[in-house]
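Report on the structure given below.
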There are 2 protein chains.
Amino acid sequence: MTPPPAPPRRASPSTVRRLSLYLRALDTLAAEGVGTVSSQGLAERSGTTPAQVRKDLSLFGSFGRRGMGYEVPDLLHRVRAILGLDRRWPVALVGAGRIGSALFAYPLFRERGFEIRAVFDNDPAKIGSCREGLEVRPVTELPCLIRERGIEIGIITVPAHAAQAIATVLVESGVRGILNFAPTRLHLPPEIEVNEVSLSMELEALSFALAARERP
Amino acid sequence: MTPPPAPPRRASPSTVRRLSLYLRALDTLAAEGVGTVSSQGLAERSGTTPAQVRKDLSLFGSFGRRGMGYEVPDLLHRVRAILGLDRRWPVALVGAGRIGSALFAYPLFRERGFEIRAVFDNDPAKIGSCREGLEVRPVTELPCLIRERGIEIGIITVPAHAAQAIATVLVESGVRGILNFAPTRLHLPPEIEVNEVSLSMELEALSFALAARERP
DNA sequence: CGGGGCTTGTGAAAAAGTTCACAAGCCCCG
DNA sequence: CGGGGCTTGTGAACTTTTTCACAAGCCCCG
C-alpha cells in the first residue's frame with residue numbers, strides 16, 4: 001500500500017520548502033477536522049499548483065487514492081516522516097541575545113519536535129540566568145554539554161565575528177546540523193548540514209522587488 | 001561606461017539572494033580596504049562560482065574591467081542600487097513580542113537603510129511602552145500612522161490567526177511590501193510584494209537533510 | 001456489476017537556471 | 001608600442017525544475 005516506489009531520491013531545496021508548507025496546511029486541515037484533501041486543495045493552501053504537489057509527493061511514494069485525493073491524517077503522518085519530524089531533535093542554542101531568546105520561546109519549534117536542551121552565551125551577565133527554565137551556560141562548557149545531552153543540531157545567534165569559532169566547536173562536539181543566524185559564511189566539513197538564515201536578506205529581496213517596480 | 005545593456009530583466013529569486021550575499025562580501029572587502037576583487041574572489045566569499053557571479057551581475061550592466069576584476073567601492077555602490085538600498089525604506093513593525101523586539105534591535109536593518117518608524121501591538125501591557133525610543137501604539141492607530149509616516153514596508157510578527165487581518169489593513173493603508181513571520185499564508189492583491197519567513201521551515205530543512213542521511 | 005465522473009501518478013515537453021568555454025578587452029612590462 | 005597574461009561578458013550546452021497532458025485507477029450510483 002505504501003512502497004516507496006524508488007530509492008528515496010534527493011529532493012531539491014524547493015521541494016523541501018514546499019513539503020514544509022504542505023505540512024503546515026495539513027496541520028490546519030487536521031485541526032479543522034477535514035478528512036480528505038486533493039492535490040488541488042493542498043496547492044491552494046500552499047500557494048503552488050496541483051501538479052507540483054503531486055510531483056513532490058510522488059518522490060517519496062504513492063500516498064493518495066485516485067478519484068479521492070489524500071487522507072489528511074495519513075498524509076500528515078507521511079510528510080512528517082519525510083521531513084524527519086517523527087522523532088525528537090535535541091537542539092542547542094548558542095547566543096542568548098534577543099534573537100536567541102525569541103527563538104527559544106517560539107512554540108512551533110517544540111511542536112515540531114525540536115527540543116532546546118542547552119543554551120550558551122559568553123556574556124557574564126547572562127550566564128546563570130534562565131530562559132524558560134533552562135540555565136544559560138558559558139561557551140566553555142559547550143563541548144561537554146553537547147555530548148552529554150546528545151545534541152545534534154546547533155542554532156547560532158551570536159555576532160558574526162564569533163560565529164565561525166562557535167560553529168567549529170559545535171561540529172567538533174558532535175553536532176551534525178547548524179542553523180546559522182549570524183550574517184557570515186561558515187566554513188565546515190561537507191558532511192555537516194548548514195542552513196543560513198539572513199533576516200536582512202529577506203528585507204533586501206523585498207526592497208529589490210519594490211525598487212524594480214519603480215524603474216522604467 | 002555603465003549602460004544597462006538590456007532592459008533590466010527580471011532577476012530570479014536565486015539571483016536576488018546571491019546579490020545579497022555579494023553585498024555582504026563587498027561590505028567586508030571594503031572594510032578590509034581591498035580595492036579590487038575578481039569574480040573568482042567574490043564567488044569564494046559568497047559560496048558560488050565565478051561564472052555565476054558574472055552572469056548575475058551582467059543582468060544589470062558591465063561593472064568590471066577585463067583583466068582587472070571589479071572595483072570594490074564601485075561594485076558595492078552598484079549592488080546596493082540594484083537591491084534598492086540606495087534610499088531609505090520606512091518600515092512598520094506589527095507585533096511587539098519577542099521576535100518583533102529582536103528584529104527591532106537588529107542593527108543590520110538600519111545599516112541597510114530600513115528605518116522602523118512605527119511599532120504596533122494589541123496587548124494593553126505593551127502599548128505605551130518603548131522599543132529603542134519608539135512607542136508601541138495600538139493597532140487601531142495603524143492606518144493613520146502608516147500614512148502619516150509614509151511607511152512602505154510592513155513586518156508582521158503577530159500570531160498566525162491575526163496575520164491576515166493585519167496584512168489587509170497594512171495594504172489598505174498604503175504598504176506595498178510585507179515581510180511575514182507569521183506561519184500562515186497571506187491572501188493579498190498581486191501588486192503587493194510578500195516575503196514569507198518561516199523559522200520552523202528552516203529547521204525542518206535541516207531535519208530533512210539529517211534524516212535523509214540516516215535512511216538506506 | 002458496469003459506466004461515469006473525479007483525481008492520482010507519471011512520462012514527456014517546456015521553461016528556468018547553471019555551467020562551460022572562449023572571444024574581447026584591459027593592463028603591465030619590456 | 002607590441003605581446004603576454006589575466007579576467008570579464010556572453011552565447012551555447014547542459015542540468016534541473018516546473019508544467020502539461022493523459023492513462024490508470026478508485027468510488028459511487030443506478
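The values are calculated or read from the model by the stated rules, or taken from the named source; none is laboratory data. The structure presented is a predicted model; accordingly, all values stated were derived computationally and were not measured. As a convention, Cβ positions derive from the backbone with ideal geometry for all residues, glycine included, and neighbour counts pool all protein chains shown. Just so you know, the surface numbers come from the protein's heavy atoms only, side chains and all, with ligands and any DNA or RNA stripped out. Shrake-Rupley method; radii C 1.70, N 1.55, O 1.52, S 1.80 Å.
For (1) surrounded by 14 or more Cβ atoms within 10 Å (Cβ to Cβ); (2) touching a strand residue (DSSP E or B) at 6+ places or on another chain (Cβ under 9 Å); (3) in a loop (DSSP other than H, G, I, E, B), each residue gets a yes or a no:
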{"site": "B:TYR22", "(1), (2), (3)": "yes, no, no"}
{"site": "B:THR28", "(1), (2), (3)": "yes, no, no"}
{"site": "B:ARG45", "(1), (2), (3)": "yes, yes, no"}
{"site": "B:THR48", "(1), (2), (3)": "yes, no, yes"}
{"site": "B:GLN52", "(1), (2), (3)": "yes, no, no"}
{"site": "B:TYR70", "(1), (2), (3)": "yes, yes, no"}
{"site": "B:LEU75", "(1), (2), (3)": "yes, yes, no"}
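Let's see how each residue does on (1) over 30 Å from A:ALA105 (Cβ atoms); (2) modelled with pLDDT of 95 or more; (3) more than 14 Å from every other protein chain (Cβ to nearest Cβ); (4) within 13 Å of DNA strand D (Cβ to nearest atom):
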{"site": "B:ALA43", "(1), (2), (3), (4)": "yes, yes, no, yes"}
{"site": "B:PRO50", "(1), (2), (3), (4)": "yes, yes, yes, yes"}
{"site": "B:SER62", "(1), (2), (3), (4)": "yes, yes, yes, yes"}
{"site": "B:GLY69", "(1), (2), (3), (4)": "yes, yes, yes, yes"}
{"site": "B:PRO73", "(1), (2), (3), (4)": "yes, yes, yes, no"}
{"site": "B:VAL79", "(1), (2), (3), (4)": "yes, yes, no, yes"}
{"site": "B:LEU93", "(1), (2), (3), (4)": "no, yes, no, no"}
{"site": "B:ALA105", "(1), (2), (3), (4)": "no, no, no, no"}
{"site": "B:ARG117", "(1), (2), (3), (4)": "no, yes, yes, no"}
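Which residue out of A:LEU83, A:LEU57 is away from DNA strand D (no atom under 16 Å from the Cβ) and under 30 Å from B:ASN195 (Cβ atoms)? Spell out how you get there, then give the answer.
Numbers: A:LEU57 fails: away from DNA strand D (no atom under 16 Å from the Cβ).
Criteria check complete, one pass: A:LEU83.
Quick grid of which residues meet (1) modelled with pLDDT under 95; (2) among the acidic types (Asp, Glu); (3) assigned by TED's automatic domain parsing to the domain that holds A:LEU23:
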position: A:LEU76; (1), (2), (3): no, no, yes
position: A:GLY100; (1), (2), (3): no, no, no
position: A:GLU111; (1), (2), (3): no, yes, no
position: A:GLY133; (1), (2), (3): yes, no, no
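Looking at (1) more than 16 Å from DNA strand C (Cβ to nearest atom); (2) under 17 Å from A:PHE208 (Cβ atoms); (3) over 23 Å from the mean Cα position of the chain (by Cα), can you tell me which one B:PHE63 breaks?
Answer for B:PHE63: the failing condition is (1).
For region A:58-72, what are the residues that are out of contact with any Gly (no Cβ under 8 Å at 6 or more places or on another chain) and not basic (Lys, Arg)?
A:SER58, A:LEU59, A:PHE60, A:GLY61, A:SER62, A:PHE63, A:GLY64, A:GLY67, A:MET68
Report whether or not A:LEU103 is within 16 Å of DNA strand C (Cβ to nearest atom), open to solvent by less than 50 Å² (accessible area, probe 1.4 Å) and in a helix (DSSP H, G or I).
On the way: within 16 Å of DNA strand C (Cβ to nearest atom): no; open to solvent by less than 50 Å² (accessible area, probe 1.4 Å): yes; in a helix (DSSP H, G or I): yes.
Taking the combined requirement at face value, the residue does not satisfy it.
Only one of B:ARG176, B:ARG88 is farther than 22 Å from A:SER101 by Cα, open to solvent by 60 Å² or more (accessible area, probe 1.4 Å) and in contact with a strand residue (DSSP E or B) (Cβ under 6 Å, 6 or more places away or on another chain); which? If you could, list the steps in order and put the result at the bottom.
Values: B:ARG176 fails: in contact with a strand residue (DSSP E or B) (Cβ under 6 Å, 6 or more places away or on another chain).
Within the list B:ARG176, B:ARG88, the selection yields B:ARG88.
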